[in-house]
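J.: Questions regarding the structure given below will be posed in turn.
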Amino acid sequence: MINFNDITTHPPPPHPPKKRGVVPMLQGVRARTHTGSLDKIDERARTKFTCKQTCSGSAELLEPTMCSRRTCVILGVIGVLLGVIITVAVVLTLPLKRTFIRRCELFPGYDCENLWSVFQQAYVGKDPCNVPMEAYDPLIAAAPFKPACNRMMFWSKTKDLVQDFTKKRGCFLTLEKTLLGSVLDDLSWCGEEGSSETFKRFCRRKCENNPVGSFWRRASAAFADVACGDVTAVLDGSIEKPFDPESTFGSIELKRFKSPRVRSLKIVLVSRKKALSNCMNTSLQDLQRELGAGITYSCTEMTESQFNECSSDPEKPCGPCW
Ligand code: N1C
């Protein structure tokens, strides 16, 4: 008879606590360690152990791995290089495109991605001193200027004054307030032969046919071509020669005002702190000679504060300030 009370149950011999992910080879190493052969640790296992420590920074997670010190270094270098390339691409091109698209989307009804690609075709891959005005013809054709009779405002050397003015008195239209003028206002860009990149820094502006100068000349020409009715131009009365025939206004825009489409040109001569010229200035006489036949000329002198007063009254209809 079997007395079940006599039967003693022996718990299974305790297993040593398992270390997560211990390499089989290292288990072998431990076993041998127990038998006193610590000095004969497999060199390959030691190498892998060291590598895992280097890669993960932890000696706990010991797993079979293909990683060697050289692989770690190569992967690290590739990672750093990729990081540098992505950062350079983002810093050099994306912000310009992002600004372009963000500003463009404020104008409903345009395909901004398409405009960006037409814009890029003007200068990408080209010598930055060899981008003529005509390179922007397709861009102008893709977003043509619309005439705004009696409300078109031109300027020379007075961009800051005029920008403040038009912000407050929305009735006047400058090139910077049109789609093409606004998307590229205050930006710099260029390409490089053999490259498909857009660069926005270190773009040379000394040569005549640089991408930025050519754009403004082309856009100014197209904007002046649609001028109609009474046209206003704001010039700087704090310089000795308010009309510069070499400026974009003098060399391009003025020459494109045509009668009878343009009825009159009103010059507003704004002096900042000190007036250095007035409406009798010889450069303004040159301007009148350049003005197309049949277009009436007038000139008004103003201080900066009078000019600003005029802009601060949004109730006044466009024009009666001068
Ligand atoms: O050469 P400017 O001025 O006489 O050109 C101003 C004239 C304005 O009437 C605008 O319609 O030409 C148009 N225009 C711009 O709208 C514009 N925005 C920004 C011309 N240039 C423009 N810029 C930049 O300012 C461009 O980089 C160019 O070189 C300057 C021109 O400034 P300016 O000599 O005071």
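The values are calculated or read from the model by the stated rules, or taken from the named source; none is laboratory data. No experiment lies behind these values; they were computed from the predicted model shown. Counting neighbours? That spans all protein chains shown, and the Cβs are built from the backbone with ideal geometry, glycine included. Surface accessibility is based on the protein's heavy atoms, side chains included, excluding ligands, DNA and RNA. Shrake-Rupley method; radii C 1.70, N 1.55, O 1.52, S 1.80 Å.
Per-residue answers, yes or no, for (1) in contact with a helix residue (DSSP H, G or I) (Cβ under 6 Å, 6 or more places away or on another chain); (2) within 21 Å of residue 147 (Cβ to Cβ):
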site: 252; (1), (2): yes, yes
site: 256; (1), (2): yes, yes
site: 263; (1), (2): no, yes
site: 279; (1), (2): no, no
site: 287; (1), (2): no, no
site: 290; (1), (2): yes, no
site: 295; (1), (2): no, yes
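J.: May I pose another question? Pick from 273, 266, 206, 241: which is open to solvent by 10 Å² or more (accessible area, probe 1.4 Å), away from the ligand (no atom under 11 Å from the Cβ) and in a strand (DSSP E or B)? Explain how you work it out, then say what you get.
T.: Working: 273 fails: in a strand (DSSP E or B); 206 fails: in a strand (DSSP E or B); 241 fails: in a strand (DSSP E or B).
Only one candidate passes the filter, namely 266.
J.: Against the definition (more than 8 Å from the ligand (Cβ to nearest atom) and assigned to a loop (DSSP other than H, G, I, E, B)), how does residue 214 come out, yes or no? Walk me through it before giving the result.
T.: Numbers: more than 8 Å from the ligand (Cβ to nearest atom): yes; assigned to a loop (DSSP other than H, G, I, E, B): no.
Taking the combined requirement at face value, the residue does not satisfy it.
J.: If a residue has to be more than 11 Å from the ligand (Cβ to nearest atom) and surrounded by 23 or more Cβ atoms within 10 Å (Cβ to Cβ) to count, how many in region 151-189 make the cut?
T.: Residues flagged as more than 11 Å from the ligand (Cβ to nearest atom) and surrounded by 23 or more Cβ atoms within 10 Å (Cβ to Cβ) within region 151-189 amount to 3.
J.: Within the set of pairs 6 or more residues apart or between chains, which connect a residue that is acidic (Asp, Glu) inside region 155-176 to a residue that is part of a helix (DSSP H, G or I) and surrounded by fewer than 19 Cβ atoms within 10 Å (Cβ to Cβ) with Cβ atoms less than 6 Å apart?
T.: 176/182
J.: Another question about this same structure. Tally up the residues in region 209-229 that are over 14 Å from residue 130 (Cα atoms) and open to solvent by 30 Å² or more (accessible area, probe 1.4 Å), please. So that I can check it myself, show each step before the final result.
T.: Keep residues of region 209-229 that are over 14 Å from residue 130 (Cα atoms), which gives 216-229.
Okay, now just the ones that are also open to solvent by 30 Å² or more (accessible area, probe 1.4 Å), so 216-218, 225.
Selection size over region 209-229: 4.
J.: Looking at region 279-293, is at least one residue open to solvent by 50 Å² or more (accessible area, probe 1.4 Å), more than 30 Å from residue 139 (Cβ to Cβ), in contact with a strand residue (DSSP E or B) (Cβ under 8 Å, 6 or more places away or on another chain) and not in a loop (DSSP other than H, G, I, E, B)?
T.: The initial filter retains those residues of region 279-293 that are open to solvent by 50 Å² or more (accessible area, probe 1.4 Å), namely 280, 282, 285-286, 288-290, 293.
Still in the list and also more than 30 Å from residue 139 (Cβ to Cβ): 280, 282, 285-286, 288-289, 293.
With the extra rule that they be in contact with a strand residue (DSSP E or B) (Cβ under 8 Å, 6 or more places away or on another chain), the set shrinks to 288.
Now restrict to residues that are not in a loop (DSSP other than H, G, I, E, B): 288.
The answer is yes, given that some residue of region 279-293 is open to solvent by 50 Å² or more (accessible area, probe 1.4 Å), more than 30 Å from residue 139 (Cβ to Cβ), in contact with a strand residue (DSSP E or B) (Cβ under 8 Å, 6 or more places away or on another chain) and not in a loop (DSSP other than H, G, I, E, B).
J.: So which of 220, 214, 195 is farther than 15 Å from residue 120 by Cα and small (Gly, Ala, Ser)?
T.: 220
J.: Further, regarding this structure: Looking at 315, 309, which one is assigned to a helix (DSSP H, G or I) and over 30 Å from residue 141 (Cβ atoms)?
T.: 309
J.: From the residues in region 121-150 that are small (Gly, Ala, Ser) and surrounded by 14 or more Cβ atoms within 10 Å (Cβ to Cβ), which one is farthest from the ligand (Cβ to nearest atom)? Lay out the reasoning, then the answer.
T.: Filtering region 121-150 for residues small (Gly, Ala, Ser) gives 122, 125, 135, 141-143, 148.
With surrounded by 14 or more Cβ atoms within 10 Å (Cβ to Cβ) added as a condition, the list becomes 122, 135, 142-143, 148.
Values: 122: 15, 135: 16, 142: 18, 143: 15, 148: 13 Å.
Within region 121-150, the match that is farthest from the ligand (Cβ to nearest atom) is 142.
J.: Scan (1) more than 10 Å from the ligand (Cβ to nearest atom); (2) touching a helix residue (DSSP H, G or I) at 6+ places or on another chain (Cβ under 9 Å) for the single condition residue 194 breaks and write down its number.
T.: Against the list (1) more than 10 Å from the ligand (Cβ to nearest atom); (2) touching a helix residue (DSSP H, G or I) at 6+ places or on another chain (Cβ under 9 Å), residue 194 comes up short only on (2).
J.: Could you tell me whether region 309-318 includes any residue that is closer than 19 Å to residue 164 by Cβ and surrounded by 17 or more Cβ atoms within 10 Å (Cβ to Cβ)?
T.: Step one: of region 309-318, the residues closer than 19 Å to residue 164 by Cβ are 309-316, 318.
Of the ones still in play, those that are also surrounded by 17 or more Cβ atoms within 10 Å (Cβ to Cβ) are 310-311.
Within region 309-318, one or more residues are closer than 19 Å to residue 164 by Cβ and surrounded by 17 or more Cβ atoms within 10 Å (Cβ to Cβ).
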